[in-house]
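**Student:** Shown below is the structure under consideration.
The values are calculated or read from the model by the stated rules, or taken from the named source; none is laboratory data. Owing to the predicted nature of the structure, the values given are computational and were not obtained by experimental measurement. Glycine gets a Cβ as well: all are built from the backbone with ideal geometry, and neighbour counts include every protein chain shown. With ligands, DNA and RNA removed, areas are computed over all heavy atoms of the protein, side chains included. Shrake-Rupley method; radii C 1.70, N 1.55, O 1.52, S 1.80 Å.
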Amino acid sequence: MAKVKLNFAEALCKGCFLCADACPKKILELNEDKVNQKGYNPIHCTDEGACIGCAMCAVICPDSVIGLERE
């Protein structure tokens, strides 16, 4: 299986959690230690090695916060 790198445009994230709900591996969560310029806790990946690269998170994100790179 190809390795995947997730990229997050944290400044655009509004913490809607749609991506986390769509993730079949449940490895996305809000970063409670960080607040972006909009005042939201941005999403982050808790275990990038577990990502299967399905891109459901990127597809469902209304603000195009998430990008995937295949390595």
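**Student:** Quick check: is even one residue across the range 2-12 at pLDDT below 95, in a loop (DSSP other than H, G, I, E, B) and either more than 12 Å from the chain's Cα centre (by Cα) or acidic (Asp, Glu) (or both)?
**Tutor:** Yes, some residue in the range 2-12 is at pLDDT below 95, in a loop (DSSP other than H, G, I, E, B) and either more than 12 Å from the chain's Cα centre (by Cα) or acidic (Asp, Glu) (or both).
**Student:** Pairs please, first residue from the range 5-31 and within 15 Å of residue 56 (Cβ to Cβ), second anywhere and at pLDDT 95 or above and open to solvent by 80 Å² or more (accessible area, probe 1.4 Å), Cβ atoms under 8 Å, 6+ apart in sequence or on different chains.
**Tutor:** 19/56; 20/26; 20/29; 22/56; 22/59; 23/56; 24/56
**Student:** What residue, of 50, 55, is open to solvent by less than 50 Å² (accessible area, probe 1.4 Å) and on the phi > 0 side of the Ramachandran plot?
**Tutor:** 55
**Student:** For the range 47-63, name all the residues that are of a type outside the set (D, E, K, R) and either closer than 11 Å to residue 8 by Cβ or in contact with a Lys or Arg (Cβ under 9 Å, 6 or more places away or on another chain) (or both).
**Tutor:** Within the range 47-63, 49, 50, 51, 52, 53, 54, 57, 58, 61, 62 qualify.
**Student:** Among (1) over 21 Å from residue 3 (Cα atoms); (2) of a type outside the set (Lys, Arg); (3) open to solvent by 20 Å² or more (accessible area, probe 1.4 Å), which single condition is residue 42 missing?
**Tutor:** Looking at each condition in turn, residue 42 falls short on (3).
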